[in-house]
1. Between the DSSP loop rule and a limit of at most 12 other Cβ atoms within 10 Å, which trypsin sites (Lys or Arg not before Pro) in the stretch 268-327 are left?
2. Restricting to bridges with both residues inside the chain, how much of the DSSP beta-bridge set is antiparallel, in percent to the nearest 5?
3. Say we join alpha carbon atoms closer than 10 Å with springs in a Gaussian network model of the chain; which of ALA111, ALA251, ALA282 then has the biggest fluctuation?
4. Run the numbers on the stretch 48-167 and let me know its relative contact order in percent, using alpha-carbon pairs under 8 Å that are six or more apart.
5. State the answer as a single residue: which of LEU51, GLY167, LEU40 lies farthest towards the positive end of the charge dipole of the chain, with beta carbon charges of +1 for Lys and Arg and -1 for Asp and Glu, about the Cα centre.
6. Assuming 0.36 nm per residue, please report the length gained on full extension of the stretch ASP20 to GLN138 beyond their Cα-Cα distance.
7. Counting other C-beta atoms within 10 Å, which of VAL106, VAL79, VAL19 has the fewest, and how do the rest follow?
8. Quick one: check the C-alpha center-to-center distance for the stretch 47-113 versus the stretch 234-303, whole angstrom.
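Quick note: the coordinates plus some simple rules give every number you see, no bench work behind them. None of the values given here were measured: they were computed from a predicted structure. Here the Cβ positions follow ideal geometry from the backbone for every residue, glycine too, while neighbour counts run over all protein chains shown.
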Amino acid sequence: MPRAIQITAFGGPEQLQLVDLEVGQPGPGEVRIRHQACGLNFIDVYQRTGLYPNPLPLTLGMEGAGIIEAVGEGVMHLVVGDRAAYASNPPGSYSEVRVMPAKTVVRLPDAIDFDTAAGMMLKGLTAQYLLKKTLPVQGLQAGDHVLFHAAAGGVGLIACQWAKALGLQLIGTAGGAAKCALALEHGAAHVIDYTREDFVARVKDITGGRGVKVVYDSVGKDTWDGSLNCLQPFGLMASFGNASGPVPPFAPGMLGPKGSLYVTRQTLFTHINTREATQLMADDLFEVVSSGAVKIRIDQRYDLADAAQAHRDLEARKTTGSTVLMP
């Protein structure tokens, strides 16, 4: 039987167990895919710990790439033998084979290999909706400054390159000189080492005291207050993750004195809730990657059986770029 990584209780990386799982035939609107590579993301940690609870037992993993083995009734955009990739809810990509809803699975262009696809679908589609759809009320124009936390991570390195292609001045934060250099190498206009610099003061210095139109923040608790203080009047605080823990409750009234700010909490799965929306976003991602404007950096590869170590390294901030698990 095919193997998968599953948890039966919420907790630490030790909960990740390699198991055999029977995989049946796809039902209506479903496909069966044999993975060639599976992506690793911080949302997997949230689901493992129970911060984002799911029914147990749970096979983790939100993105993957492989070959379509079977197609259920009503699926018209994929056929057996297609190279395919996805970012999808429900989880289940930490597996050799899975059956899943077809609406967020897209045909993979021949120019993009499986490892690259598995390392870019969730992260790249996230960068796409942030930079193209999650915009301040005044919009973004070439030359505008934006602040992007965790700029040396998987989403961050894609965003650095894509922002540069759009003409934006991305200010990236990262931990340590090596990660800051990596963000600069991938197109960040400025970098801030949060381990030794006050990022609020540096943002104000870089922008001549004006602040930025938008902050893209996947860190959460540790950067929340500072991020709000980096915004221009009418600026947008776009939260899309909780790497340091969830943001505590706050009084909306405090947004007024800080400049009549806007706050949003975004999730990818709202943006890809239809096949048509998923395809449009994926086409945009495939185009920018195929053109060479955005290069996907796969810095870590682990065997599927070593998923627990991959989680340990991710949580210890030892990883850069994208990480894939190899079935």
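1. Numbers: sites: ARG275, LYS295, ARG297, ARG301, ARG312, ARG317, LYS318; in loops: LYS295, ARG297, ARG317, LYS318.
Here the trypsin sites (Lys or Arg not before Pro) that fit, given the DSSP loop and packing criteria, are LYS318.
2. Within the chain, antiparallel bridges account for around 55 percent of the total.
3. Checking each option, the largest mean-square fluctuation is seen for ALA251.
4. With pairs under 8 Å counted, the relative contact order is 22 percent.
5. Of LEU51, GLY167, LEU40, it is GLY167.
6. Numbers: separation 118, 0.36 × 118 = 42.48 nm, distance 5.20 nm.
Difference between extended and current length: 37.3 nm.
7. Working: VAL106 25, VAL79 12, VAL19 15.
Listed from fewest to most nearby Cβ atoms, that is VAL79, VAL19, VAL106.
8. Cα centres, the stretch 47-113 to the stretch 234-303: 20 Å.
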